Structure formats: C-alpha cells, structure tokens
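Working notes for the structure below.
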Amino acid sequence: MRLFDEHIIRKTKSLDGAWRFAVDENNIGITDGWQNGLPNYDTVIVPSVWNMTRNLMEYEGAAWYERSFYTEGGTLRFVFGGVMTEARVYLDGKEIGYHYGGFCQFEIIADGVAEGYHTLILRVDNSFDEYSIPQSFVDWYHYGGITRSVSVEELCGISILSNRVEYTVFEKLDKVTARIALELYNASDAELCDTVSAAVGNYEVKLAVTLSPRETREVYTAEIEIADVSLWSGENPSMYSVAISTSTDDLYDRIGFRKIEVKDGKILLNGKEIKLLGVNRHEEHPDFGFAFPASIMERDVDIAVEMGCNALRGAHYPNHPVFLDMLDERGIFFWSEVPIWGGGFDESRLNDSAVIERGADMHREMIKHYYNHPSIIIWGMHNEILTDTDAGVNMSKAYYSLLKETGGNRIVSYATNHALSDISYEYCDVISINQYNGWYAGDISSWNKFVCDLHAYIEKQGHSDKPIIISEFGAAAVYGHRTFEAFRWSERYQAELLSEALRIFLSDEKIVGTFIWQFADIRTSREAGISRARGYNNKGLLNEYRNPKEAYFVVRDIYRAAKNK
Ligand code: ADA
C-alpha cells in the first residue's frame with residue numbers, strides 16, 4: 001500500500017481480510033502437512049498481530065495462515081508488506097519462498113499457475129535464536145503475524161519488478177541528471193523483446209530490451225537531464241512522478257531531488273545549513289502492535305509537525321512505506337535503520353559472519369525498498385552495539401561502506417551509547433550519541449559536563465570535523481503522574497530534563513540535531529519490562545494512546561522557537 005497507485009495495467013488483487021489461522025505451539029505443522037491445509041483453525045483479519053487475539057498476548061513461536069483466492073492464472077507475484085519475523089510460503093502445498101526479517105516488503109513469484117482457486121499458506125515464526133536480528137533482548141514488544149498488507153499480481157510479458165532513481169544535483173542546484181535502474185523480469189517461457197519507456201515528470205526515455213525466458217535483469221535507462229529543477233526541501237517538498245511501462249506492464253513511483261552533505265561540521269541540504277529538531281518514534285500501538293493503521297500514522301505526523309519537529313528517527317526498523325510517503329509530502333526528514341539493536345549482541349555475535357551477512361541483507365533490502373524517498377536523509381546502520389570493541393569497529397566499517405556505496409545521496413550514521421569510549425567514529429558521517437544523563441546516570445545538571453567531555457573525546461579521537469547528533473536522550477514519566485515537585489517518573493521531571501538538555505544542545509554549534517527519546521510510550525519486551533513501569537517504555541512525550549504529557553508542550557515551545565530562529 002502506498003499513497004498513490006503503483007499500477008494501472010498490472011492486475012493486482014488485495015489478499016487482506018479474513019484468513020484461517022492456527023497456532024503451532026509444538027511445531028508439528030510441517031511434519032503433519034499443514035502446508036496442504038490447516039486441520040483446525042480460527043478466522044483472523046490480516047494485516048494484524050496475533051498478540052491482539054484473546055489468549056495470545058505473549059505467544060512466541062510458529063503460527064499458520066491460510067487463504068484461498070481466485071486467479072485467471074499465469075505468472076503470479078505475491079507481495080508481502082511485512083511478516084513478523086520468518087515466513088515460509090506455500091502455494092497449493094508447494095513451498096514457493098522463504099523470507100527472514102519483520103519490517104521489509106518481500107515478493108515471491110510463482111509461474112505456470114492454472115486458472116481457478118488456489119490456496120496460499122504461510123508458516124510464520126517470531127521466535128528467536130542466536131542468529132536473530134534483533135536478538136530477543138530488545139526494548140520493544142515481540143509481536144508476531146502478517147503485519148502489513150498482502151496482495152497478488154498477475155505478471156505478463158516483460159514486467160518491472162522495481163526501480164531506483166539515481167541522480168546527481170549540479171553544483172549550481174539548477175539541474176539534475178538522473179538514470180533509473182530497472183529490475184526487469186520476463187514472465188514468459190519465450191524470449192521477448194520490448195521497449196521500456198521511463199519518465200520522470202515530463203522527461204521520457206526509451207530503452208529496447210530482450211530477455212530470455214524467466215530471466216531477471218537489472219538495466220539502466222539513459223541519462224535524463226532535468227533543467228530548472230525544483231529541489232525537495234522541508235519548505236518545498238517538490239516531488240516528480242516516475243512512470244515506467246512496457247507493452248504489458250507498468251510501475252508508478254515518485255522521486256524528490258535534493259542534495260544532502262556534511263561540510264565544515266554542518267549538515268547542508270541543497271547548500272543550506274539545517275538543524276534537525278527531532279524525536280524517535282516506534283511504529284507501534286497498544287491495540288494494533290506493528291500492524292499500525294495508516295490513519296494513526298497521519299495523526300502522528302500531524303502531532304509531530306504541531307510540535308515543531310522537522311525530523312523523525314524510525315527507531316529501530318524500517319517504517320511502513322506509507323509513512324515515508326507522508327513524510328516525503330510534508331517535507332519531514334527521516335532517519336531509517338535496521339533492527340540491529342545493541343543489548344542482545346555480544347562480541348561473538350557481532351563477529352559471526354552469519355549475523356554480519358544477515359544484517360547486510362537487511363540493509364540491502366531497506367535500500368532497495370526505500371531508495372526513492374527524499375525524506376530519508378540518514379541511514380542508521382545499528383543502535384548501541386559494542387562500538388567500543390574491535391567487533392563493533394569491523395561491523396561499522398563493513399556497513400558504512402555498503403551504505404555509502406549503494407545507499408544513494410545520504411548521510412550514514414549509527415547511534416552509540418559509548419560516547420566517551422567509542423572507537424568506531426571513523427565509520428560515520430555524523431557522530432550520533434544516545435545518552436541518558438538525569439535518568440540512568442547523574443542528575444540533570446550533569447549534562448553540561450558531559451557535553452564538554454564529549455567534545456574533548458571526539459577531538460582526541462581526531463574527528464572534531466564531524467557534526468554531532470544527540471540521537472537519544474530523555475526520561476520516563478508515567479502519564480498522569482502530574483506533581484508540583486519534579487522527581488523521576490513524574491511528568492514534571494521529564495519536562496525539566498528535556499528542557500535543560502535542549503537548552504544546552506540547541507546552543508552548541510557542533511550539535512546539528514536532537515532526537516528526543518521518544519514520541520509515544522511503547523509496550524516493551526518481557527526482559528526489558530521487568531525494570532519498566534507497566535511493562536512500557538514510558539519515555540514518550542505522549543502516552544501510547546497519543547495523549548500529551550507535560551513535556552510535549554514544553555518541547556513544542558522550544559522546538560517551535562528554534563524552528564523560527
Ligand atoms: C536505548 C535504546 C532505546 C531505549 C532507550 C531507553 O538507548 O536505543 O531503544 O531502550 O535506550 O529507554 O533506555
């Protein structure tokens with residue numbers, strides 16, 4: 001699902017709605033042949049998380065989904081917006097695909113499908129092992145299920161599987177040259193020749209292609225030069241339509257052109273300095289989990305804008321593409337990352353090539369699906385891993401070059417909780433610090449000294465040319481705990497801490513962005529919940545139902561004033 005139609009010619013059909021569902025607590029499904037049909041089942045609505053089903057709140061493990069659908073047959077492409085976390089997909093009893101990772105779209109092609117009714121079955125598993133990303137110890141909830149929309153498409157002839165608009169903005173910012181990378185697929189058993197037409201706005205190019213039967217190939221269009229370009233920015237979120245077609249297929253998308261760079265210790269957007277007034281947001285809601293409704297996404301954006309925010313960090317995983325569409329349209333900057341979340345990864349995990357490769361795959365997938373969003377100005381490679389060890393350095397080095405080489409025009413960073421002992425700062429464009437003075441360590445007045453120590457440490461490490469983002473800071477406040485005195489867990493204390501921290505950060509030349517932890521309270525995992533009131537991470541400016549705490553209004557006044565400076 002996007003905010004616009006992706007196809008006009010291609011026949012697509014939503015598979016959202018009622019599915020058969022069965023929990024496989026003892027993991028007997030495969031041996032008992034559930035891939036051929038579920039023996040017993042309830043009905044659930046997809047997309048959703050199973051945790052919202054009565055008595056499954058804490059269920060972790062395997063569960064099965066089944067649905068039948070009608071097709072005119074031929075080559076089918078199943079599109080899964082998100083399945084938490086591992087998916088095995090069966091069509092009429094035959095396994096047609098496997099995917100790992102809960103937060104990115106994946107697609108599976110099945111050819112030679114006959115006309116008529118067919119059965120699609122998924123085995124979904126959200127349990128953890130030593131190779132899981134994230135590991136089981138995280139500060140959010142372990143939801144499971146088919147969390148985003150499912151659809152089936154009929155492919156015909158030379159089909160367009162994906163696109164990536166690569167571009168360069170000219171020095172004078174008046175012109176852009178772009179070429180589109182197209183992933184084409186021949187959905188037939190014969191060699192086919194066709195002409196691909198690709199247009200960005202009114203600029204069109206054509207490309208003749210010949211593909212062998214069932215071949216998938218990446219091709220580039222010729223360069224398109226766009227004169228008098230209207231660049232994308234916070235104030236002017238200009239977008240161009242992208243329209244690609246062959247004689248039998250089509251794909252529509254959008255692109256915004258902009259130039260983001262780090263220069264002289266600043267972040268420059270289209271040559272002009274920007275400061276990021278941000279907040280971290282989980283795409284989670286107590287009633288929907290990760291199957292987050294688009295209408296609430298929109299409300300979240302409205303609330304963030306009203307608060308004076310110009311940036312959001314999608315902690316700690318790729319957000320729904322519709323949310324990114326909204327940010328593109330509203331000119332809000334976004335930090336997107338994969339769920340490599342510190343806590344659970346010890347050095348041996350970080351050094352494990354299977355973990356490193358799985359993480360790299362997640363980065364590649366995020367780049368593939370989110371490349372054209374102008375709002376994403378920062379790729380985050382991981383959060384709070386051991387970047388004060390060689391294992392952390394190696395992982396950062398590998399992901400930094402992957403994201404720089406293939407991630408388009410973006411800043412690459414990671415969020416460290418080792419501000420004064422990190423040894424990986426070489427492998428980021430901006431140094432991003434998670435720090436909780438006044439909550440886990442010291443009191444509110446210790447921020448001043450911390451910031452001085454930070455500058456000194458970064459200088460000693462030889463990176464004083466790099467700008468700094470404070471990527472997390474905050475305090476927990478239980479919603480409604482409104483008191484005269486400011487003490488931990490009260491709304492007043494949270495407001496005072498954020499106000500003092502922001503006063504220091506916003507007046508510091510080298511700090512170019514602040515991301516408050518966090519937008520709204522979130523349900524947290526059993527492990528983390530032990531030390532968290534209500535089993536929630538209560539550091540939200542809003543509670544989980546989006547009602548504001550005192551800090552929301554305090555931050556709103558500060559951010560609005562900073563924005564208008
Ligand atoms: C970490 C982490 C967040 C959250 C936060 C906290 O920095 O990145 O996900 O757990 O701390 O509230 O302690």
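A few points about this structure:
Conditions (1) of a type outside the set (D, E); (2) over 19 Å from A110 (Cα atoms); (3) in contact (Cβ under 8 Å) with a residue 60 or more places away in the chain, marked per residue:
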site: Q35; (1), (2), (3): yes, no, yes
site: N40; (1), (2), (3): yes, yes, no
site: N51; (1), (2), (3): yes, yes, yes
site: E60; (1), (2), (3): no, yes, yes
site: E66; (1), (2), (3): no, no, no
site: M84; (1), (2), (3): yes, yes, yes
site: R88; (1), (2), (3): yes, no, no
site: D92; (1), (2), (3): no, no, no
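- Wholly enclosed helices (runs of 4 or more DSSP H) of the stretch 445-561 bearing at least 2 residues out of contact with any Phe, Trp or Tyr (no Cβ under 8 Å at 6 or more places or on another chain): 447-460, 491-506
- When the stretch 274-308 is filtered for residues that are out of contact with any Ser or Thr (no Cβ under 7 Å at 6 or more places or on another chain), within 16 Å of the ligand (Cβ to nearest atom) and either free of Cβ contacts under 8 Å to residues at least 40 places away in the same chain or not β-branched (V, I, T) (or both), the ones remaining, listed by number, are N280, R281, H282, E283, E284.
- Any hit, the stretch 504-527, residues being within 16 Å of the ligand (Cβ to nearest atom), touching a strand residue (DSSP E or B) at 6+ places or on another chain (Cβ under 9 Å), among the acidic types (D, E) and closer than 16 Å to Q435 by Cα: no
- Number of residues in the stretch 528-547 that are more than 16 Å from the ligand (Cβ to nearest atom) and either without any contact (Cβ under 8 Å) to a residue 40 or more places away in the chain or touching a Pro at 6+ places or on another chain (Cβ under 8 Å) (or both): the value is 1.
- Hey, S336 at pLDDT 95 or above, within 16 Å of the ligand (Cβ to nearest atom) and among the hydroxyl-bearing types (S, T, Y) or not: yes
- The number of residues in the stretch 42-72 that are touching a Phe, Trp or Tyr at 6+ places or on another chain (Cβ under 6 Å) and not in a strand (DSSP E or B) comes to 3.
- Residues of the stretch 478-531 satisfying the condition of being aliphatic (A, V, I, L, M) and within 30 Å of H463 (Cα to Cα): L497, L498, A501, L502, I504, L506, I511, V512, I516
- Residue count for the stretch 459-480, restricted to those that are of a type in the set (D, E, K, R) and either within 12 Å of the ligand (Cβ to nearest atom) or within 12 Å of Y436 (Cβ to Cβ) (or both): 1
- Any chance L277 is under 16 Å from P374 (Cβ atoms) and at pLDDT 95 or above: no
- Selected residue [modelled with pLDDT under 95 and surrounded by fewer than 17 Cβ atoms within 10 Å (Cβ to Cβ)] from R54, R2: R54
- R313, sole failed condition from (1) within 16 Å of the ligand (Cβ to nearest atom); (2) among the basic types (K, R); (3) more than 27 Å from M239 (Cα to Cα): (3)
- Identification of strands (runs of 3 or more DSSP E) wholly contained in the stretch 290-403 with 2 or more residues that are of a type in the set (F, W, Y) yields 333-337.
- If you go through the stretch 128-177 and pick out every residue that is farther than 23 Å from V322 by Cα, outside any strand (DSSP E or B), away from the ligand (no atom under 16 Å from the Cβ) and not aromatic (F, W, Y), you end up with 10.
- Qualifying residue in the stretch 349-359 (condition: buried (at least 19 other Cβ atoms within 10 Å of the Cβ) and in contact with a strand residue (DSSP E or B) (Cβ under 7 Å, 6 or more places away or on another chain)): no
- Flag if Y414 is touching a Cys at 6+ places or on another chain (Cβ under 7 Å) and within 22 Å of I260 (Cα to Cα): yes
The values are calculated or read from the model by the stated rules, or taken from the named source; none is laboratory data. Given the structure is predicted, the values throughout are model-derived calculations rather than measurements. Heads up, the Cβs are rebuilt from the backbone with ideal geometry, glycines too, and the neighbour counts pull from every protein chain shown.
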